[in-house]
1. Test ILE20 against the criterion of being modelled with pLDDT of 95 or more and closer than 25 Å to ASN4 by Cα, and give yes or no.
2. Determine, yes or no, whether SER93 is part of a loop (DSSP other than H, G, I, E, B), hydroxyl-bearing (Ser, Thr, Tyr) and in contact with a Pro (Cβ under 9 Å, 6 or more places away or on another chain).
3. Consider the range 113-148. How many of its residues are out of contact with any Phe, Trp or Tyr (no Cβ under 8 Å at 6 or more places or on another chain) and under 11 Å from ARG103 (Cβ atoms)?
4. Failed condition for TRP229, given (1) out of contact with any helix residue (DSSP H, G or I) (no Cβ under 7 Å at 6 or more places or on another chain); (2) over 28 Å from ASP14 (Cα atoms), with all others met?
5. Being under 16 Å from PHE171 (Cα atoms) and in a helix (DSSP H, G or I) is the filter here, so list the residues in the range 206-228 that pass it.
6. Being under 28 Å from LEU251 (Cα atoms) and either of a type outside the set (Lys, Arg) or modelled with pLDDT of 95 or more (or both) narrows it down to one residue among ALA89, ALA34; which is it?
7. Out of everything in the range 96-139 that is outside any loop (DSSP other than H, G, I, E, B) and of a type in the set (S, T, N, Q), what residue ends up being nearest to ASN40 (Cα to Cα)?
8. Within the range 158-174, how many residues are buried (at least 20 other Cβ atoms within 10 Å of the Cβ) and either touching a Phe, Trp or Tyr at 6+ places or on another chain (Cβ under 7 Å) or in a helix (DSSP H, G or I) (or both)?
Amino acid sequence: MRLNHINIKGSLYDFSNPRIMGILNFTPDSFNPASRVVDNGEIKERIEKMFADGADMVDIGGMSTRPGSRIIDADEEWSRLEPALEIVAKHFSNRIFSLDTFRAEIARRAVSDYGISIVNDISAGDADPLMFETVASLHVPYIIMHGASNPLTMHNGTEYTSFPGDILNFFSEKVNKLHSLGVSDIIIDPGFGFSKTVDQNYELMEHLGDFGMFEQPLLVGISRKSMLWKYLGITVENALNGTTVLNTIALQKGADILRVHDVKEAVEVVKICNKLRIIQ
């Protein structure tokens, strides 16, 4: 049976009903322009709207990892994040926020100084050798994502001996290492769009239920990604309909968290799937 709760800020957080994670990027170059916030004055308003639309948590990030994006240094990443972190600490201290970063020191400062609840690492600890130990010392949940270890090349590396068997083996090794360090609150993100071709992304969706073997909450992030707009021959701006279809399928296959740009629509997906009793 899949674990249906994790410890967040000393309280058990339940996943018996799927949760919605809104996306907010403090970057000038993230792949979806609508998710970008470059004016600090917009931050509070955008966060308030996400929670009003039904988000359970918000994921914030200071660096884009879309193909062709520039990998900024830690000082620039922090300078982008700090105004948002100050607003989070001042106005939303009772809400749940995750921080999208692969740098251990930035994760440590955000959690210790600003009360960030969850660390979301797209490199699964490979980009910074101190990340696993840092998360263990912070006692916060850790989102571990499958992709190439180098953020510069994680959109490559699409050759597998066994698919999705290699990805399942990847998580088995990582989860075991985290457990050995005392980290038990782990969220699995299969990494749609990272180190996978369009066809591989759809094959991964077909096998999504296999990730229940880890007995950890499962996060799915397919919102407006290229597996949709490339396959359908549309633009990012027109990919909401496809996102809704795949979010529905992900819920049927056991997703516990949907990471999305469009919170209101994702909340409606969960409500309808619950009404029809088709959520696994």
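The values are calculated or read from the model by the stated rules, or taken from the named source; none is laboratory data. Since we're looking at a predicted model, the values are computed, not measured. Positions of Cβ are backbone-derived with ideal geometry, glycine not excepted, and every protein chain shown enters the neighbour counts.
1. Numbers: modelled with pLDDT of 95 or more: yes; closer than 25 Å to ASN4 by Cα: yes.
Judged against the criteria, ILE20 is a match.
2. Working: part of a loop (DSSP other than H, G, I, E, B): yes; hydroxyl-bearing (Ser, Thr, Tyr): yes; in contact with a Pro (Cβ under 9 Å, 6 or more places away or on another chain): no.
No; evaluated as a whole, the condition is false for this residue.
3. Here the count works out to 2.
4. Result: TRP229 passes all but (1).
5. Of all residues in the range 206-228, those under 16 Å from PHE171 (Cα atoms) come to 207-220.
Of everything in the range 206-228, those that are under 16 Å from PHE171 (Cα atoms) and in a helix (DSSP H, G or I) turn out to be LEU208, GLY209, ASP210, PHE211, GLY212, MET213, PHE214.
6. Numbers: ALA89 fails: under 28 Å from LEU251 (Cα atoms).
Only one candidate passes the filter, namely ALA34.
7. Here is the first cut: in the range 96-139, the residues outside any loop (DSSP other than H, G, I, E, B) are 96-100, 104-114, 118-121, 131-138.
Those still in the list that are of a type in the set (S, T, N, Q) too: 98, 112, 120, 134, 137.
Details: SER98: 19, SER112: 22, ASN120: 22, THR134: 29, SER137: 31 Å.
My answer is SER98.
8. Residues of the range 158-174 buried (at least 20 other Cβ atoms within 10 Å of the Cβ): 164, 167, 171, 174.
So of that shortlist, the ones also either touching a Phe, Trp or Tyr at 6+ places or on another chain (Cβ under 7 Å) or in a helix (DSSP H, G or I) (or both) come out as 167, 171, 174.
Going through the range 158-174 one residue at a time, the tally reaches 3.
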